[in-house]
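Before any comments, here is the structure.
The values are calculated or read from the model by the stated rules, or taken from the named source; none is laboratory data. Please read these numbers as outputs of a predicted model, since none were measured by experiment. Methodologically, a virtual Cβ is constructed for each residue, glycine included, from the backbone with ideal geometry; neighbour enumeration extends over all protein chains shown. Keep in mind that these areas ignore ligands, DNA and RNA; they rest on the heavy atoms of the full protein, side chains included. Shrake-Rupley method; radii C 1.70, N 1.55, O 1.52, S 1.80 Å.
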Amino acid sequence: MKRLVRNILILLSPFLFMALINEGVRPKIKEKPYISHGITAINSAVYISDKCSWACHNNTVFCKNHHVKYLKPFYPFTDVLYFGVINVLASTGNYGAANIIFLVFLFPFTILYFIIKSLNIQDEIRKLSK
């Protein structure tokens, strides 16, 4: 039973943490929220030079010029990965759905699955060593 509760907490904690952070920040945002496809986002689409917004999502160059401080020397490496992922998701024909399926669900759940698997194996090793 302990293992089940631990595994459920591991699976839910990133999403709960993300919701807590988003809802904690929401009252501090003064700009008009970004609306796309009838969905209202927390952040705006206004080009703001001192913080990221949906403008950064829609215009990566703006974000890189105004918000990135330490990664500039690594652009030759990170841009290949970043734009490669975007191009792969776009090649599915539905970028938005692919983004949600792969980056919101499959990739994080795969990581969480292996974390749980590792903890379960550690439990088995601990039992065997006693």
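Lysine pairs, Cα distance under 25 Å, 8 or more residues apart or cross-chain: how many in the chain?
Summing the qualifying lysine pairs gives 17.
If you roll a 1.4 angstrom probe over the protein chains with everything in place, what fraction of the accessible area of the chain belongs to carbon and sulfur, to the nearest %?
Whole-percent figure for carbon plus sulfur exposure: 71.
Would you please state the base-10 log of I(q)/I(0) at q = 0.13 1/Å for the chain, with intensities from the Debye formula using one equal scatterer on every alpha carbon?
Those come out to -0.81, one per q.
Ordered by residue, what ³J(HN,Hα) values in Hz, to whole numbers, does the stretch 5-20 give under the Karplus form 6.51 cos²θ - 1.76 cosθ + 1.60, where θ = phi - 60° and Gly and Pro are x?
Listing the rounded values in order: 5, 4, 5, 5, 4, 5, 5, 8, 4, x, 6, 5, 4, 4, 5, 4 Hz.
So what is the orientation-averaged projected area of the stretch 33-84, using the convex hull of its C-alpha atoms, in nm²?
Numbers: hull surface 16.8 nm².
Mean projected area for the stretch 33-84: 4.2 nm², to one decimal.
Over the chain, give the accessible area per residue in Å² for a 1.4 Å probe, as an integer. Could the numbers behind the result be given before it?
Values: 10200 Å² over 130 residues.
Here the per-residue accessible area is 78 Å².
Ignoring everything but the protein chains, give the 1.4 Å probe accessible area of VAL104 in square angstrom, nearest 10.
Roughly 60 Å² of VAL104 is accessible to a 1.4 Å probe.
Ranked from the most accessible area to the least, with a 1.4 Å probe and all protein chains present, what is the order of TYR70, TYR47?
Ranked list, largest accessible area first: TYR70, TYR47.
When only C-alpha pairs under 8 Å and at least 6 residues apart count, what is the relative contact order of the chain, in percent?
About 15 percent, as a whole number.
Considering only protein heavy atoms, what is the solvent-accessible area of THR110 at a probe of 1.4 Å, reported in Å² to the nearest 10?
Estimated to the nearest 10 Å², THR110 gives 70 Å².
Taking the Cα-to-Cβ direction at ILE100 and at LYS32 and moving 7 Å from each Cα, how far apart do the two end points lie in nm?
About 2.5 nm, to one decimal.
Any chance you could look up the accessible area of LEU71 with a 1.4 Å probe, heavy atoms only, rounded to 10 Å²?
90 Å²
In terms of solvent-accessible area of protein heavy atoms at a 1.4 angstrom probe, what is the ranking of MET18, MET1, highest value first?
MET1, MET18
Using 0.36 nm times the number of residues separating ASN59 and ARG6, minus their current alpha carbon distance, what extension gain do you get? Working shown, then result.
Values: separation 53, 0.36 × 53 = 19.08 nm, distance 4.02 nm.
That pair, ASN59 and ARG6, stretches by 15.1 nm at full extension.
How do SER129, SER53 stack up against each other in accessible area, from largest to smallest, with a 1.4 angstrom probe?
From most accessible down to least: SER129, SER53.
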